[in-house]
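A.B. asks: Here's a structure for you.
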Amino acid sequence: MFENLTIPSNLKPNDPRFGVGPSLIPTEYVNSLHDTGVELLGTSHRKPAVKNLVKEVQDGFIQYFELTDHEVILGNGGATFLWDMIGLGLTENCSKHHVCGEFSNKWHLAHDKIPWIDTCLEKVEYGQGLQTSNSDKCDLIALTLNETSTGVQMVDVPQSDDSTIICMDATSGAGQIECNHKDVDFYYFSPQKIFAGEGGLFFGFLSEKAKERALKIQKDQKRYIPTIMDWKLAIDNSKKNQTYNTPSVSNLFFVNEQLKAMNKLGRIKINEMAQIKAQHVYNWAESKEYLSCFIQDEKFRSKSVATIDVDEKIPVSELTQKLRDQHLIYDIDSYRKLGRNQFRISMFHNVSLENLEKLTNILSHSIESVL
C-alpha cells in the first residue's frame, strides 16, 4: 500500500528515534564519553574515577527527586531482575499486584513462582487504568507507575501501614510522571528510558522501613537468596558509591550526562514539558477519523508512552517498516504481545516536541496519501 510513499523534506525530524524500548541517547553524550580518553573506560569500579561517577549519579537523583529520607541504591540487572529480588528479599508472606499490561503482569508471575509467598491480583483489561489499593492480607504492594506495553499510567499511591511495604516499578515513567514517590518504600527503575541510559542497570530509592525489612529477611537463614540478589550487599556497596559486581561504566556515564541536563531544568519543568508533548499526540489522535486513543480514560493516559490505535484498513506494520527503511521514523510499532494495529510512541524527555510534531505530520501525510 505504501510502495510509492514519499515524504516532503520539511517534515523530516532531525532524529528518527521514537521507540519506547532503548532510550534516545544524545550523540553528544557519546562524544563526551570519547573525550574522557583513557581516564574512565577500562577503570576498575573500585577506583576513584568510577566511584566518583557513581556518587555524582546518586547525588543527581537526590537533587532531581528532592530525596531526604531514601537511600539511592544501584546494581546490575534491570527491573526484571528486581522483580525476583523484591519477591525473595522484600516480601515476607504475600504481595499484591496491580496489573494493567504485560510488564506489571510479568512482575506478578515472577512472585507467583516463589513457593513460600502468596500473591493477590488486581487486574484490568489491557487499555484500562486501575485504582490502587492496600490489602490486609499482603505485606507488599506492587505498583507500576507507567505500563510500558499499554501506555497506562498510575494516578494514585495507596496509604500503607507499618507492616506494609509499597514498591513501584517506575521504569518508563520515572523523571516525567509525577507521583508522591516519598510515600513509596522502594521506587525503582531501569535507566534506559527517560534517563537516557542502556539496559543492565537498576536504580532504586529505598526508605528506612524497606531497608529494615530487607535486612530482617536477609538475616533469616531459612530462605535461599542468591548472592547477586543480597540486599545487604546492594545497600552496603551503594553506600560506598559502587556496585557489587562490575557495572557498565559507559551506561553510568550516559545517565550522569542526562541527569546534569535534566537538573538544569528541574523535575517540575520537565513534567510540564511532558504534558505539552502528550497533549499534542493525543489531540492529534482525536482529530483524525482513522485514529483513536487506546486509553479511553484521559486520566490514565501516559505522559511518556502514547498508544494510538489505527483503523484496521491501514497496515501499520507495513507503514512503520517503510518509514524505517527510509531512515525517517524508528520503532513506533505496538507492543508485540498486544497484537493491535497501533502506534506506540515515545514521549521521553529527549524526544522533542518539534520532532513529535513532525512525526504526527508524517504519519498523517502517509495515511492520507493512501485513503
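A.B. asks: Could you go through region 265-276 and let me know if any residue there is crowded, with 22+ Cβ neighbours inside 10 Å, under 19 Å from the mean Cα position of the chain (by Cα) and not polar (S, T, N, Q).
C.D. replies: yes
A.B. asks: Considering only region 110-144, state which residues are in contact with a strand residue (DSSP E or B) (Cβ under 7 Å, 6 or more places away or on another chain), over 22 Å from residue 181 (Cα atoms) and among the hydrophobic types (A, V, I, L, M, F, W, C).
C.D. replies: Matches in region 110-144: 117, 120, 121.
A.B. asks: Kindly indicate the residue of region 332-371 that is over 22 Å from residue 173 (Cα atoms) and of a type in the set (A, V, I, L, M, F, W, C) and also surrounded by the most Cβ atoms within 10 Å (Cβ to Cβ) among those meeting that condition.
C.D. replies: If we take residues in region 332-371 being over 22 Å from residue 173 (Cα atoms) and of a type in the set (A, V, I, L, M, F, W, C), then 363 is surrounded by the most Cβ atoms within 10 Å (Cβ to Cβ).
A.B. asks: Test residue 190 against the stated conditions and say whether it is out of contact with any helix residue (DSSP H, G or I) (no Cβ under 6 Å at 6 or more places or on another chain), in the same structural domain as residue 39 (by TED's automatic domain parsing) and either acidic (Asp, Glu) or modelled with pLDDT of 95 or more (or both).
C.D. replies: No, not satisfied.
A.B. asks: Do any helices (runs of 4 or more DSSP H) entirely within region 1-103 hold 1 or more residues that are in contact (Cβ under 8 Å) with a residue 12 or more places away in the chain and touching a Lys or Arg at 6+ places or on another chain (Cβ under 8 Å), and if so, which?
C.D. replies: It comes to 48-65, 79-89.
A.B. asks: Among the listed residues 139, 161, which satisfies the condition of being over 23 Å from residue 305 (Cα atoms) and at pLDDT below 95? Steps first, answer last, please.
C.D. replies: Working: 139 fails: at pLDDT below 95.
Only one candidate qualifies: 161.
A.B. asks: Would you say residue 160 is of a type in the set (Ser, Thr, Tyr) and either under 30 Å from residue 282 (Cβ atoms) or in a helix (DSSP H, G or I) (or both)?
C.D. replies: In short, no.
A.B. asks: Give the residues of region 225-244 that are within 24 Å of the chain's Cα centre (by Cα) and over 17 Å from residue 57 (Cα atoms), sorted by residue number.
C.D. replies: Those that are within 24 Å of the chain's Cα centre (by Cα) and over 17 Å from residue 57 (Cα atoms): 228, 229, 230, 231.
A.B. asks: Starting from region 179-193, keep only residues that are under 25 Å from residue 350 (Cα atoms), then list their pairs with residues that are part of a strand (DSSP E or B) and of a type in the set (Ser, Thr, Tyr) whose Cβ atoms are within a distance under 7 Å, requiring at least 6 positions of separation or different chains.
C.D. replies: 181/187
A.B. asks: Now for a different question. Going by what's in this entry, would residue 53 be described as modelled with pLDDT of 95 or more, among the hydrophobic types (A, V, I, L, M, F, W, C), within 16 Å of residue 204 (Cβ to Cβ) and crowded, with 18+ Cβ neighbours inside 10 Å?
C.D. replies: On the way: modelled with pLDDT of 95 or more: yes; among the hydrophobic types (A, V, I, L, M, F, W, C): yes; within 16 Å of residue 204 (Cβ to Cβ): no; crowded, with 18+ Cβ neighbours inside 10 Å: yes.
Answer is no for this residue.
A.B. asks: Quickly run through region 124-175 and pick out the residues that are touching a Pro at 6+ places or on another chain (Cβ under 7 Å) and more than 18 Å from residue 91 (Cα to Cα).
C.D. replies: Scanning region 124-175 gives a single hit, 132.
The values are calculated or read from the model by the stated rules, or taken from the named source; none is laboratory data. The shown structure was predicted, so the numbers you read here are calculated from the model rather than taken from an experiment. Every residue, glycine among them, receives a Cβ derived from its backbone with ideal geometry; neighbour counts consider all protein chains shown.
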